[in-house]
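I have placed the structure first, in the form of structure tokens, so that the comments after it can refer back to it.
Every number here is computed from the coordinates shown, using simple stated rules; none is lab data. None of the values given here were measured: they were computed from a predicted structure. Quick reminder, even Gly has a Cβ in these numbers, built from the backbone with ideal geometry, and neighbours come from all protein chains shown.
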């Protein structure tokens with residue numbers, strides 16, 4: 001076919017690129033791949049990007065110093081991918097521009113440069129293990145995902161924009177995460193996306209495209225089967241009220257607006273409910289609420305007696321050396337015989353480097369760096385995931401960044417019935433960041449078969465069911481609230497039982513396929 005011949009010729013030209021032409025193509029392929037994620041969801045670009053990457057590694061593996069050349073290909077791909085995928089991080093430095101704006105260029109290029117090291121290492125190892133024909137696709141997928149897994153764990157980890165996340169824009173595409181988690185689903189996505197390059201050397205590109213389409217069809221069919229299964233339903237006597245106050249970040253951190261901001265939360269929270277009511281406020285909505293009797297009385301006056309408030313907060317406490325420690329927390333406020341009180345705190349345990357604490361604090365401070373948290377020593381991490389029962393079904397609270405880590409939502413053996421996520425994405429403006437963050441929350445619900453009530457200061461707040469479907473949401477930069485019955489959980493998923501063991505098994509299977517010997521018939525030819 002003429003189309004096949006033209007595609008094969010284009011594939012050969014890509015593989016033969018050298019020097020800065022090869023590196024430029026790698027950057028462009030990475031940037032194109034990033035457009036498969038929210039808010040664009042241009043999934044065909046993921047197939048294009050990874051297929052181009054495979055062809056560039058083909059060229060690197062066939063030339064001199066293949067591992068070094070492949071590392072450069074992978075690093076430039078990673079730089080383009082993370083530059084487009086994480087550009088929104090720079091916006092946080094302009095909230096207090098007079099103090100932090102100078103850091104934005106370093107962040108927007110430094111983070112992609114660092115994360116690109118993982119992709120460079122993956123490409124280098126893949127080139128060292130390169131196999132002829134279609135087998136290299138499986139070698140590439142397995143090795144690439146080994147380094148993506150490392151990216152999610154090394155130095156506290158940053159598993160942002162894992163390939164599976166691109167499918168979370170619709171519930172049907174991401175349902176396989178219930179069985180194999182985000183890492184396992186990402187491995188399948190990589191294999192499917194790079195399949196168009198499988199037979200390029202044989203001049204049969206369309207065969208690889210067909211294989212990719214069939215793989216995608218099977219993935220979505222599996223999602224349709226799970227969505228057609230038992231429905232979780234909802235409680236008829238337990239309700240959730242999710243508040244989105246839409247407070248600009250500059251005003252949220254300005255002490256002059258604290259009283260007004262608190263009043264806005266109260267006004268949005270008023271109103272009775274025909275049963276137990278959980279009211280969820282976003283991250284840091286009521287700092288030091290446990291130290292303010294007036295604030296607690298205000299909550300008591302605004303909410304019905306059978307309501308429980310789950311609010312993002314900041315608390316402080318003295319440590320053994322009598323130093324003051326600050327914690328990014330969720331405060332649980334309820335009526336007690338002595339009046340309204342904070343009956344428990346959950347302290348965030350997975351803090352954001354440079355945002356909530358400064359790694360290597362002494363060294364980096366001497367270099368002029370500081371964290372964005374408004375406390376000299378940043379926040380202190382809590383003790384770990386946590387489950388609490390406050391008058392109703394047990395829940396696990398998550399604060400912002402903690403919702404991006406698969407398998408770390410609650411202590412093993414203490415499965416809750418729902419998840420509460422509080423966040424403040426106002427730092428990042430009207431960008432891709434808040435939308436990508438929501439997709440990760442949807443993946444966590446699919447992986448655990450647990451509903452989630454998600455309150456975000458400026459959005460996107462949402463009520464998510466146990467299949468990852470958005471039952472209700474409030475648009476970005478809109479004030480409002482969600483009132484709804486609390487959804488019920490489904491039975492524990494395979495992933496919630498075995499965690500990333502499923503990914504490890506799938507990884508070994510894919511690696512075996514990559515090194516499987518050719519069939520005798522193939523050898524004879």
Among the stretch 234-270, those whose backbone N falls under 12 Å of a label point 7 Å along Cα→Cβ from residue 96 are 250, 253-255
Longest principal axis of the chain (C-alpha) makes with the long axis of helix 177-194 (C-alpha) an angle, in degrees to the nearest 10, of 30
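Can you give me the relative contact order of the chain as a percent, contacts being Cα pairs under 8 Å and 6 or more apart?
Computed value for the chain: 16 percent relative contact order.
Indicate the gyration tensor shape class of the stretch 380-525 (rounded, prolate or oblate), computed on the Cα atoms with a ≥ b ≥ c the square roots of the eigenvalues: a/c under 1.5 is rounded; otherwise a/b larger than b/c is prolate and the rest oblate.
Details: a/c = 2.47, a/b = 1.80, b/c = 1.37.
The shape class here is prolate.
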Packing-ranked peptide list from 346-354, 163-171, highest mean Cβ count within 10 angstrom first, is 163-171, 346-354
For the chain, longest principal axis from Cα atoms; helix 258-269 axis from its Cα atoms; angle between them, nearest 10 degrees, is 80
FRET efficiency (residue 338, residue 484; Cβ distance; R0 25 Å; to 0.05) is 0.20
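Rounded to the nearest 0.05, what FRET efficiency is calculated for residue 153 and residue 220 with R0 set to 41 Å and r the Cβ-Cβ distance? Provide the component values of the computation, followed by the final result.
Values: r = 29 Å, r/R0 = 0.71.
Efficiency, rounded to the nearest 0.05: 0.90.
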The stretch 301-319 and the stretch 80-110 have their Cα centres apart by a whole-number Å value of 33
For residue 42 and residue 256, extending 7 Å from Cα along the Cα-Cβ vector and measuring point to point gives, in nm, a value of 4.3
Here FRET efficiency (C-beta to C-beta, residue 113 to residue 504, R₀ 30 Å, nearest 0.05) is 0.50
Computed over all unlike Cα pairs, the Kirkwood hydrodynamic radius of the stretch 92-131 in Å stands at 12.1
Taking alpha-carbon centroids only, the stretch 199-219 lies from the stretch 390-446 a number of Å equal to 36
Whole-percent tail of the Cα-Cα distance distribution for the stretch 460-508, cut at 15 Å, equals 61
For the stretch 168-281, the Cα convex hull volume per residue in Å³ comes to 171
Distance in nm between residue 21 and residue 267 label points, each 7 Å along Cα→Cβ, equals 6.3
Of every Cα-Cα pair in the stretch 248-363, the percentage lying beyond 21 Å is 43
Computed Rg/Rh for the stretch 1-87 (Cα atoms; Rh = Kirkwood radius) stands at 1.01
Percent antiparallel among DSSP beta bridges confined to the chain, nearest 5, equals 60
To the nearest 10 degrees, the tilt of helix 19-34 (Cα long axis) against the first principal axis of the alpha carbons of the chain is 40
